[in-house]
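Visitor: First the structure, then my questions, so here it is.
Each value in this text was obtained by applying a stated rule to the coordinates, not by laboratory testing. Keep in mind it's a predicted model, so treat the numbers as computed, not measured. Here the Cβ is made from the backbone with ideal geometry for all residues, glycine too, and neighbour counts use every protein chain on show.
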Amino acid sequence: MNPLCTPRDHTFSRRAFLGGGLGLLTSPLFAEAMKQRDKQVLFVWLDGGMSQLETWDPKPNTEFGGPFRSIPTSVPGVHFCELMPKLAKQMHKLCVVRSMCTKDNAHSSGVDRIQRGDPKNRGVPYPHFGAGVAKLLGPGSSGLPPYVWIKPGSGGFRAEDAGFLGPKYGSLAFGDGKPPDNLLRHPDISAEQDAARNELRQMLDQRFAKQREKRVVEANASVFDMANKLMARADIFDTSKLPERDRDRYGRHDFGQHMLVARQMLEAGVRFVKVTSYGWDTHGDNFNAHATMVPKFDQAFSAMLEDLEASGLLKTTLVICLSEFGRTPRINGHVGRDHWSEAWSIAMAGHGVKHGMVVGETNERGTEVKSKPFDIGSAFHTWYRALGIDPMKTEFDNAGQPLPIAHDDMLPIKEALA
Amino acid sequence: MKHMIVCLLALTATAWAEEAALAPKIDALLFAKVAKPAQADDAEFLRRVWLDFDGGIPSAEEARAFLADKTPDKRAKLINKLIAAPRFAVRAADAFNVMLMERRGENEAWKAWLVECFKTNKPWDAMVREMLAPEFLNEQQRGAGYFITRRLEKVGQQDTDYPGLTRDVGRMFMGIDLQCCQCHRHLSVNDYKQIDFSGLYTVYQNLKLQPADDKHKTPWISEGLVTAKYEFASVLTSKKAQTAPRIPFGEEVMIPVSTGDDGWLVKPDRKTKEVGQPKFSPLHEIAQRVPAPENALFAKNIANRVWFLFIGKGIVEPLDLHHTENPPAHPALLDLLAKELTTHRFDLRWLIREIAQTQAYQQSGAHQRHLTAEQQLRAFIIATGERERLEKNTKPDVKVDALKYSLTEFEKAFAAALANPAKEPELAANPSLRSALFFRNSDHVQWALKPRAGNLIDHLAKQTDPAEELYLTLLTRLPDAEEKTALNNWLAKDSSNKSQALTDYAWALLSSTEFFVNH
């Protein structure tokens with residue numbers, strides 16, 4: 001009775017559209033296009049400010065070094081804090097920049113500032129990196145929402161991340177790793193019933209489109225279409241079905257489980273996956289806090305690197321890990337470390353960046369950057385470059401006003417780029 | 001004295017006599033050179049006017065009665081009936097709430113004030129005066145203060161958004177977005193200068209949000225002492241300039257000379273926590289000068305915004321970018337609307353009624369747009385026959401099917417799924433992934449479509465040929481032969497479960513584009 005094609009017909013027609021035969025698949029032009037499509041980003045955000053001294057840039061046996069030792073890594077001469085034994089074994093995959101020097105040491109403004117790349121003030125809110133990537137690279141061949149954010153707490157559709165790009169490029173947030181409301185099929189509706197009534201809906205819409213303005217119907221069709229694609233991949237959002245062995249490897253804590261969900265999303269082809277871990281603001285009892293939190297981070301982050309490498313995704317995925325700032329070398333009266341934007345570290349891996357590389361260094365006490373300092377704008381230039389986007393040639397469009405995608409006066413961290 | 005009253009009465013009478021005259025004037029202007037568009041048929045008109053004036057859709061019964069009515073002026077009669085109904089005030093309040101607050105959250109006192117304004121047909125200039133210089137001690141007016149107080153609330157550790165409030169006063173009441181002029185002259189709009197922003201900014205940055213207390217039932221604002229002009233400099237040229245309080249493109253308000261203490265009507269006093277009240281109130285000065293007939297943009301802005309609300313397209317777009325290089329699509333039309341609205345003392349109900357009478361409004365198929373979250377909710381609960389049950393239920397009980405939801409819960413769910421994100425002008429309610437998922441999978445939608453005593457599915461299941469009733473109830477029109485056959489085929493597929501099949505068909509119609517748009 002249904003005059004329309006079924007979802008399966010769409011898969012075939014899409015393949016026909018993409019392929020048209022093996023000849024095209026193997027042509028260099030097509031391969032180039034696929035490479036472009038498949039670039040992905042994993043963005044790990046340690047909210048509150050992870051201490052660089054207890055992680056990427058240890059200063060043992062110095063005035064501010066703290067109680068932990070440093071350990072050698074898989075790259076000769078490079079040492080991490082002993083709280084990261086697993087990542088130490090994977091340093092050859094990483095690119096650590098120890099010479100970050102940024103401008104804001106308040107959380108409220110700093111979080112936004114760093115995630116928006118701290119561009120020159122144009123009077124409009126800039127998009128977060130994920131929204132920028134979603135805009136510039138789109139959802140890709142998976143058709144899944146391009147910017148997904150896995151975080152503790154509440155979820156939903158976060159329009160504010162997108163700044164002037166508009167709500168369309170905001171994040172789809174998975175609160176506590178769980179999908180937003182209404183993502184999964186209602187328990188009272190069978191899969192068959194769901195499919196049948198959606199076909200009916202499409203048919204009614206197409207009839208209506210014949211008499212009316214097409215674009216109105218198209219706008220509706222496209223969102224129902226994306227809902228279909230998303231619901232068809234409900235498996236990647238279902239944390240209860242994660243393999244037991246992986247759950248242990250990533251660690252049975254929020255961050256571990258969220259990283260595991262993130263891995264599934266990357267495997268499913270989501271363009272940009274952000275994972276947030278909260279609670280790194282250790283003004284008091286910094287060392288016990290890091291002794292508890294860093295090993296969890298070490299476990300999950302290293303499991304992720306292993307898996308991405310094993311599946312080959314590390315070749316096409318840019319991995320980034322950072323906070324809004326680092327922590328003060330000086331230890332305060334509460335055995336804590338405060339906010340320090342003057343000298344801190346970020347870590348990267350995967351597509352477009354050098355492997356086994358340390359860029360820059362801090363002075364002996366860790367108080368200042370000794371080499372050339374880099375602001376967050378430079379990091380944005382680096383990341384966009386790593387994804388094959390040239391910030392010198394690419395601009396955002398703010399309602400007709402062209403705006404640079406990264407700080408106009410800054411340059412990429414060349415040493416970090418592959 | 002008596003003479004004067006007679007004069008006034010005569011004036012009013014002339015104004016009234018002219019009242020019906022605007023609609024034909026609009027059509028004459030619009031269709032002077034182009035052919036008159038095809039007019040909407042009764043069904044299309046009925047649904048449109050109902051959504052615009054009631055915010056919902058007519059019942060199948062109401063639709064049948066209107067379609068069968070042979071009275072020649074039945075459209076004008078319906079417009080008058082709907083505009084006089086209590087729902088009109090609620091619907092207008094909804095529309096203005098979304099327009100003025102841009103989804104910054106709901107507030108009871110504000111909403112009550114808006115409803116009251118439209119119920120009593122308070123002139124727009126009076127409404128704006130109450131919003132711009134709220135009387136927080138006046139119970140009838142304090143709700144208006146939310147326009148300012150909400151915008152002065154601090155978010156996290158960010159600074160109070162005084163520039164945002166300044167910008168919104170320009171946008172909402174004069175149709176000009178001065179945001180870029182905070183730091184320099186506007187780079188793409190020659191008309192907008194930094195002094196235009198600064199003249200308003202000096203007024204609003206001087207306010208302080210005060211919490212509710214014994215005297216004030218809502219948060220309120222206090223004003224500081226102004227004794228000197230405000231200094232500003234362009235970040236582009238570093239050139240310094242100064243201004244007194246001033247409406248954009250207007251004259252500066254003279255700042256009275258005072259030496260500190262004598263500027264206060266009530267002196268601030270730390271001991272008694274008195275925040276003080278200055279004699280000279282720039283807030284009140286601006287609140288008088290913005291909604292004035294002399295301020296041409298004031299009338300143009302609201303005429304354009306009302307036209308947008310009912311026609312679906314602004315004469316000037318974006319709505320907040322009136323300037324010489326962005327002329328109206330139809331300058332004479334905007335001038336006419338603004339002029340007549342000013343003559344009619346900013347009587348919005350009159351303007352709305354006139355617009356609805358035009359052939360421009362009643363043309364077929366023009367300017368389709370998606371319904372707002374509020375319209376969708378009302379249309380949906382009327383269509384599914386669950387409106388009364390939801391309205392009556394004040395104590396939801398998840399264990400009892402019929403008591404599972406209240407209207408408030410439906411309002412929240414529909415707003416969360418369908419409203420645009422906060423702080424964006426809601427020009428079009430765009431379909432989103434969020435809204436699609438809501439219609440596909442939410443329990444609210446499932447619940448309303450389950451057969452339940454007296455609701456849509458229950459009612460349809462009892463009919464042998466439910467097509468007509470279904471299409472009239474959901475889409476305010478009769479089905480054609482093809483549609484009837486399609487429905488019957490669908491029902492014949494599984495005759496063992498008629499109400500299930502009906503539910504699915506109704507669901508498909510309710511989540512189809514035809515249901516979402518203003519016909």
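Visitor: Could you give the length gained by full extension between A:Val124 and A:Ser371, i.e. 0.36 nm per residue of separation minus their alpha carbon distance, to one decimal place?
Guide: Working it through step by step, the gained length comes to 85.6 nm.
Visitor: If R0 is 35 Å, what FRET efficiency do you get for A:Ala232 and B:Val155 from their C-beta distance, rounded to 0.05?
Guide: Given R0 = 35 Å and the Cβ-Cβ separation, E is 0.40.
Visitor: Hey, if you put +1 on the Cβ of every Lys and Arg and -1 on every Asp and Glu Cβ in chain B, which of B:Leu403, B:Gln357, B:Met131 ends up farthest toward the positive end of that dipole?
Guide: After comparing all options, I get B:Met131.
Visitor: Same structure again: With labels modelled as points extended 7 Å from the Cα through the Cβ direction, what inter-label distance (nm, one decimal) is found for A:Asn398 paired with B:Asn489?
Guide: Placing both labels 7 Å along Cα→Cβ, they lie 5.4 nm apart.
Visitor: Pairs of alpha-carbon atoms within less than 8 angstrom and 6+ residues apart define the contacts here; what relative contact order does chain A have, in percent?
Guide: 27 percent
Visitor: So for the pair B:Gln39, B:Glu294, with labels modelled 7 Å out along Cα→Cβ, what separation do we get in nm?
Guide: 4.4 nm
Visitor: Using the crude model of +1 on Lys and Arg Cβ and -1 on Asp and Glu Cβ, and no other charge, please compute the dipole size for chain B relative to its Cα centre, in debye to 20.
Guide: With Lys and Arg at +1 and Asp and Glu at -1, about 500 debye.
Visitor: Next question, about the same structure. So if we plug the beta-carbon distance of A:Ala191 and B:Asp397 into 1/(1 + (r/R0)^6) with R0 = 35 Å, what FRET efficiency do we get, rounded to 0.05?
Guide: The computed FRET efficiency comes out at 0.70.
Visitor: Roughly how big is the range B:296-350's charge dipole about its Cα centre, with Cβ charges of +1 (Lys, Arg) and -1 (Asp, Glu), in debye to the nearest 20?
Guide: Dipole about the Cα centre, nearest 20: 200 debye.
Visitor: Between the helical axis of B:407-418 and the dominant principal axis of chain B, each derived from Cα atoms, what acute angle in degrees is found, rounded to the nearest 10?
Guide: 80 degrees
Visitor: Another one. Please give the Cα centre distance for the range A:267-344 versus the range A:353-418, rounded to the nearest Å.
Guide: 19 Å
Visitor: If you don't mind, another one. Using θ = phi - 60° and the Karplus form 6.51 cos²θ - 1.76 cosθ + 1.60, what ³J(HN,Hα) does each residue of the range B:142-148 get, whole Hz, x for Gly and Pro?
Guide: Calculated HN-Hα couplings, in order: 5, x, 4, x, 4, 3, 8 Hz.
Visitor: Restricted to Cα positions, what overall size does the range B:369-518 have along the principal axes? Three whole-Å values, descending.
Guide: 48, 37, 22
Visitor: For chain B, what percent of Cα pairs sit more than 45 Å apart?
Guide: Result for the distance tail: 23 percent.
Visitor: List the trypsin sites (Lys or Arg not before Pro) within the range B:179-227 that DSSP assigns to loop and that have no more than 16 neighbouring Cβ atoms inside 10 Å.
Guide: B:Lys215, B:Lys217
Visitor: In nm, to one decimal, how far is the modelled label at B:Asp458 from the one at B:Ala233, with both set 7 Å along Cα→Cβ?
Guide: Result for the modelled spin labels: 7.3 nm.
Visitor: If R0 is 56 Å, what FRET efficiency do you get for B:Lys267 and B:Lys81 from their C-beta distance, rounded to 0.05?
Guide: 0.50
Visitor: Also, quick follow-up: Work through the residues other than A:Thr102 whose Cβ is under 9 Å from its Cβ and net out their charges, Lys, Arg +1 and Asp, Glu -1.
Guide: -3
Visitor: What does the charge add up to near B:Asp125, with Lys and Arg as +1, Asp and Glu as -1, over the other residues with Cβ less than 12 Å from its Cβ?
Guide: +1
Visitor: Based on DSSP H runs of at least 4 residues, each adding -39500 (n - 2.57), what is the mean residue ellipticity at 222 nm of chain A after dividing by all its residues, to the nearest 500 deg cm²/dmol?
Guide: -11000 deg cm²/dmol
Visitor: Can I ask one more? When the helix-only estimate is applied to chain B (DSSP H runs of n ≥ 4, each -39,500 (n - 2.57), divided by the residue count), what is the mean residue ellipticity at 222 nm, nearest 500 deg cm²/dmol?
Guide: The per-residue figure over chain B is -15000 deg cm²/dmol.
Visitor: Roughly what % of DSSP beta bridges within the protein assembly as shown run antiparallel, to the nearest 5?
Guide: Roughly 60 percent of the beta bridges in the protein assembly as shown run antiparallel, per DSSP.
Visitor: Report the paramagnetic label zone for A:Lys414: residues of the range A:339-356 whose backbone N is under 19 Å from a point 7 Å from Cα along the Cα-to-Cβ axis.
Guide: A:352-355
Visitor: In whole Hz, with x marking every Gly and Pro, tabulate ³J(HN,Hα) for the range B:187-193 from phi via Karplus 6.51 cos²θ - 1.76 cosθ + 1.60, θ = phi - 60°.
Guide: Running phi through 6.51 cos²θ - 1.76 cosθ + 1.60 with θ = phi - 60° gives 7, 10, 10, 5, 5, 8, 10 Hz.
Visitor: Amide H neighbours of A:Trp340 under 5 Å, counting only residues 5+ apart in sequence or on other chains, H built in-plane at 1.01 Å?
Guide: A:Gly326, A:Arg327, A:Thr328
Visitor: Give the Kirkwood hydrodynamic radius (Å, one decimal) of the protein assembly as shown, defined as one over the mean of 1/r across all pairs of different Cα atoms.
Guide: For the protein assembly as shown, inverting the mean 1/r across all distinct Cα pairs yields 31.4 Å.
Visitor: Expressed as an acute angle from 0 to 90° and rounded to the nearest 10, what is the orientation of the C-alpha long axis of helix B:498-510 relative to the principal long axis of chain B?
Guide: Its long axis makes an angle of about 30 degrees.
Visitor: Also, quick follow-up: Give me the distance between the Cα centres of the range B:392-466 and the range A:191-266, rounded to whole Å.
Guide: Centre-to-centre distance over Cα atoms comes out at 21 Å.
Visitor: For chain B, calculate the relative contact order in percent as a whole number, restricting contacts to Cα pairs under 8 Å that are 6 or more residues apart.
Guide: This gives 18 percent for chain B.
Visitor: Per residue of the range B:217-223, in order, report the coupling 6.51 cos²θ - 1.76 cosθ + 1.60 (Karplus, θ = phi - 60°) as ³J(HN,Hα) in whole Hz, putting x for Gly and Pro.
Guide: Working through the residues one at a time gives 7, 10, x, 9, 10, 10, 10 Hz.
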